[in-house]
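Reviewing the structure listed below.
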Amino acid sequence: MNLPVKSLDELKHAAEQLINFGGSEKIFLFYGNMGAGKTTLIKSLCGCLGTKETVTSPTFSIVNEYQGGSSKIYHFDFYRLKNQSEALDLGYEEYFYSGNYCFIEWPEKIPDLWPDHYIRVDVQVVSDKERLLTFAKI
Ligand SMILES: Nc1ncnc2c1ncn2[C@@H]1O[C@H](COP(=O)(O)OP(=O)(O)OP(=O)(O)O)[C@@H](O)[C@H]1O
Ligand SMILES: [Mg+2]
């Protein structure tokens, strides 16, 4: 499914569509270049799910935890991961298989650890304010 987003104002609507598209699937992998808008979209998703906390990129901690309205949300950024065993060390499985929402930036860094089923989200830059989101059930 392709969803054009014309501006930051449209992100909230896009986030709602993405949550609906996911249905019962709670694990989302986000692909896109640096600065494409993965974190910005995840902020919007967390807002939709009822998070009141500030959502920032967990670049240094790898994973951030937020409280959504009815479940926890785990937000990963694997960009700085040196190798996949670091993900094992932080106990990624407990997060991935917890049944809580998991939003994962830079999943390319953990190719052997992807779950069997997830929602793939591609974020492409169209112009300064415009993005093209692509959702797929894997
Ligand atoms: N429609 C839009 N959707 C998302 N971001 C947008 C949009 N329009 C403009 N932006 C801007 O693009 C930037 C995206 O930065 P963001 O940190 O979300 O990227 P990222 O993909 O998470 O990068 P990184 O790979 O470094 O983590 C922000 O400054 C945001 O305000
Ligand atoms: Mg980011």
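Listing for the model above:
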| read-out | value |
| --- | --- |
| Cα lying deepest toward the dipole's positive end in the chain, options SER71, GLY22, THR40, charges on Cβ | THR40 |
| Net length gained if the chain between ALA136 and ASN2 were fully extended (0.36 nm per residue, minus Cα distance) | 47.3 nm |
| For HIS117, HIS75, order by how many other beta-carbon atoms lie within 10 Å, fewest first | HIS117, HIS75 |
| 3J(HN,Hα) from dihedral phi, the range 33-39, Karplus parametrisation 6.51/-1.76/1.60, rounded to Hz, x for glycine, proline | 4, 4, x, 5, x, 5, 5 |
| Residue-by-residue Karplus 3J(HN,Hα) for the range 128-138, coefficients 6.51, -1.76, 1.60, Hz, glycine and proline x | 2, 10, 9, 9, 10, 9, 10, 10, 9, 8, 9 |
| Stretch gain in nm, segment ASP128-LYS12, where the contour uses 0.36 nm per residue and the Cα spacing is subtracted | 40.0 nm |
| Stretch gain in nm, segment GLU86-SER61, where the contour uses 0.36 nm per residue and the Cα spacing is subtracted | 7.8 nm |
| Computed Kirkwood radius, in angstrom, where 1/r is averaged over Cα pairs of the range 1-103 | 14.3 |
| Order of LEU81, LEU8, LEU29 - criterion: other Cβ atoms within 10 Å of each residue's Cβ, fewest first | LEU8, LEU81, LEU29 |
| Net charge dipole size for the chain [Lys, Arg +1 and Asp, Glu -1 on Cβ; Debye, nearest 20] | 320 |
| Under 5 Å, built H, 5+ apart or other chain: amide partners of GLY32 | VAL123 |
| Cross-link table LYS38/LYS82; LYS72/LYS129; LYS12/LYS72, entries beyond 28 Å C-alpha to C-alpha | LYS72/LYS129 |
| Footprinting exposure proxy for PHE103, PHE30 (fewest neighbouring C-beta atoms within 10 Å first) | PHE30, PHE103 |
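A short reminder: the numbers here are calculations on the coordinates, not readings from a lab. These figures come from a predicted structure and were not determined experimentally. A quick note on method: Cβ atoms are made from the backbone with ideal geometry, for glycine too, and the neighbour counts reach across all protein chains shown.
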